[in-house]
Amino acid sequence: MATQGDDDERSFFSEVPVRPARAKAAVDEKPHYLGHRDRLRERFASAGPDALPDYELLELLLFRLIPRTDTKPVAKALLARFGTLAEVLGAPVGLLQEVKGIGPTVALELKVVAATAQRMARGEVHGREVLASWQQLLDYCRSAMAFEAREQFRILFLDKKNALIADEVQQTGTVDHTPVYPREVVKRALELSATAIILVHNHPSGDPTPSRADIEMTKEIIEAAKRLGISVHDHIIIGRKGYSSMKGLLLI
């Protein structure tokens, strides 16, 4: 027999609105960034890379490196920290990992991408007459050196047709100095049967203006090379803000 309490309980539950179950809806609901990824890929495919700003191009790269995550904040954080896409790829692994969302694996993969880009740029000038493809040469040197944290002294060895024989980093120094020995430069040129060289080094400060020490060192190398019939075509200084050519500045 039903009691008054039973009637009250049935009455209470009959008045409670029935809410649809959310469990299935939660399963079916896709993360918001998945649609964004598809749209970004479509834009890249249809309009090409130039239609995307740096942060979106970096997002595309991070899609495969960081799955199941919204990579837009990570891409923007990287650019906020380092400035440009080139500087992100040129940043050391340790500094990359200081950005939230970038672990050791992702940092290393970004360096693989950077190395691949540098290899492609080097392929554009290797074996070619470098004086006829000067812009490609500058692009390669900038991609290889502009964002290094320490000074590097690089030598481009050329044959009698001014084609690139070899590209070597001879010395790596500190943030503002690299020891260079003219005798070693000339010795290596003779070993490679090079008849001309182009000297290249970077300024981690970003300012490519030649220092007095840069100019004096270049003149010493020119004098040592001249005695053995080796020409020094130029000394290029690379920085994040551009480059300087000592020949173009009439310093040599």
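Kindly indicate whether any position in the range 147-159 is assigned to a helix (DSSP H, G or I), under 22 Å from the mean Cα position of the chain (by Cα) and within 14 Å of H235 (Cβ to Cβ). No: the range 147-159 contains no residue that is assigned to a helix (DSSP H, G or I), under 22 Å from the mean Cα position of the chain (by Cα) and within 14 Å of H235 (Cβ to Cβ). Note on the range 39-82: residues that are modelled with pLDDT of 85 or more and outside any helix (DSSP H, G or I) amount to 5. You will find that of A86, A132, A115, A75, the residue that is in contact with a Ser or Thr (Cβ under 8 Å, 6 or more places away or on another chain) and of a type outside the set (V, I, T) is A86 and no other. State whether the residues of the range 134-149 include one that is hydroxyl-bearing (S, T, Y), in the same structural domain as T218 (by TED's automatic domain parsing), surrounded by 16 or more Cβ atoms within 10 Å (Cβ to Cβ) and modelled with pLDDT under 90. Yes, the range 134-149 has at least one match. Within the range 180-205, restricting attention to residues that are part of a loop (DSSP other than H, G, I, E, B) and surrounded by 13 or more Cβ atoms within 10 Å (Cβ to Cβ), the residue that is farthest from the chain's Cα centre (by Cα) is T195.
Considering R183, R188, which residue is more than 15 Å from H233 (Cα to Cα), modelled with pLDDT of 85 or more, touching a helix residue (DSSP H, G or I) at 6+ places or on another chain (Cβ under 7 Å) and assigned by TED's automatic domain parsing to the domain that holds G229? Only one candidate passes the filter, namely R183.
If the condition is being farther than 23 Å from A166 by Cβ and either more than 29 Å from the chain's Cα centre (by Cα) or surrounded by fewer than 17 Cβ atoms within 10 Å (Cβ to Cβ) (or both), then the range 206-245 contributes G206, D207, T209, S211, R212, A213, I215, E216, K219, K241, G242.
The values are calculated or read from the model by the stated rules, or taken from the named source; none is laboratory data. None of these values were measured; they are calculated from a predicted model. Quick reminder, even Gly has a Cβ in these numbers, built from the backbone with ideal geometry, and neighbours come from all protein chains shown.
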